[in-house]
Each structure stands twice: as C-alpha cells, then as structure tokens.
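Notes follow the structure.
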C-alpha cells in the first residue's frame, strides 16, 4: 500500500509522488452508451452513489487510453464508468502497470487491477483486448467518427470515487479530471464488442455496452494536471 507523507505527497514502491501530476500526450478513445437506470443502480450497489438518469436512462462510458511515460510510468488503461449525481464514477479500471495500479487505488480510490491487454490506435479505429490471466474479459473495435474538430478542448470533468479497499477505503471522494484534448474526432461510428465470462464483462453488459454507442470521441492528445481528491459527504 502507498504511504501518505502529507496532504499531497505519497511514497509508492520507494518513489515519491507529489500531486498534482501532469498527464502528457496520452491517446484516448471514448464510446458513450445508455443503460436502464435500474441496471446502473445495481452496478453501483454497495456505494453511496446514484446514477444521473434522464427518462429512465443512465449514460455510461468506455474509455481506452495509452499513457506515454509520466509520473505514473507508461501503461495502457481501460475504464468502464457511468455518470452519477455529482460526476463520473469509474466501476472498472484495469491497467497494465503495477505502479499505477497501486497509485490509482490509494491516491484516488480507483478500482485498478492488473490486466493483460492489446491496445492499438489507428487512424480510423481503436482496437483492444483485455485479459485477466488466461481469461478474456472483453474485445472491442471502436471506429473513429467522421467529424474533425478544428480546435482543441479545455475543460474539467467532475468525478466521484468510492472503494472498499486501499488507503481511501470506504470514503466517498470528489475531484476533477482535466479534459485538455486536441486532434479530436466525433461521431456515431460503430463499435464491435465481444464480452467474456468475467465480472467486468457482466457489469459492461448491465451498462448497455453491447449496443451501438450514441457518441464516439477520439483524441490524439490528452493532458492536464491531476490533483488530489477530497472526501465528501
């Protein structure tokens, strides 16, 4: 477990990490879906969070990310989340690096676990396969949208996290994630999805991730400062 030195400084595997840390030139692809609100509530069971629902539907998100070398090393990440009352909540976050797994769990109460993965970004699509040991969890191809934005985006996404393990166990945290994006393409392009026999795959089914996404977003570069999360009521 990571050791907290002061409010914004941690020791992780013998290294010191001081927040905020800056994401630089990550690649990201996002596919957004909807799910029945009651299914989203079931996925959130055991947490103090509730889905943000409109007309009985919740918005869910699949994110495929490659991080080049930064404070948490270089690794790939697959995030499964949904919008809650208060911000985006991540329910599954497999990663390919042990350092970031420990940092994510202890610093931000993120549900990171070590995966085997094949993640590839191409001009017209992003493909991924996720494995938990010898078990294939999921496989997907997300096609890039046709609309190219001639400008970048600078914004923040409010987030909420809650985890029953780690240094932040059983604390509801709030924070924000930077959305400094460039090289953006938007669309309603297809998404080919195959889900295996695994708890993460079951949650993805419940969150509507076998249908067509209502929006896809790809960005050649994603960055910005990521700071501490704080406990909230």
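Only the coordinates and a few stated rules stand behind these numbers; no lab work does. Because the structure is a prediction, the values reported are computed rather than measured. As a convention, Cβ positions derive from the backbone with ideal geometry for all residues, glycine included, and neighbour counts pool all protein chains shown.
Of 131, 185, 154, which is the most mobile in a GNM of the chain whose springs link Cα atoms less than 10 angstrom apart?
Answer for the Gaussian network model of the chain: 154.
Enter the Cα centre distance for the pair segment 96-159 and segment 28-72, rounded to the nearest angstrom.
13 Å
Compute the Rg/Rh shape ratio of the chain: radius of gyration over Kirkwood radius, all on alpha-carbon atoms.
0.94
In deg cm²/dmol, rounded to 500, what helix-only [θ] at 222 nm does the chain give when every DSSP H run of at least 4 residues adds -39500 (n - 2.57) and the total is split over its residues?
Here the helix-only value at 222 nm equals -3000 deg cm²/dmol.
How big is the antiparallel share of DSSP beta bridges in segment 26-221, given as a percent to the nearest 5?
Bridges in segment 26-221 that DSSP calls antiparallel: roughly 95 percent.
Which shape class, rounded, prolate or oblate, goes with segment 134-206 when its Cα gyration tensor gives a ≥ b ≥ c as root eigenvalues, a/c under 1.5 marks rounded, and past that a/b bigger than b/c marks prolate?
Oblate shape, in that a/c is at least 1.5 and b/c is the bigger or equal ratio.
Under a plain spin-label model, where a point goes 7 Å from the Cα along Cα-to-Cβ, how far apart in nm are residue 98 and residue 157?
2.9 nm
What shape does segment 87-153 take by its C-alpha gyration tensor, where a ≥ b ≥ c are the square roots of the eigenvalues and a/c under 1.5 counts as rounded, a/b above b/c as prolate, and the rest as oblate?
Note, shape of segment 87-153 comes out oblate.
What nm distance separates the two modelled labels at residue 114 and residue 174, each placed 7 Å from Cα along Cα→Cβ?
Rounded to a tenth, the inter-label distance reads 3.6 nm.
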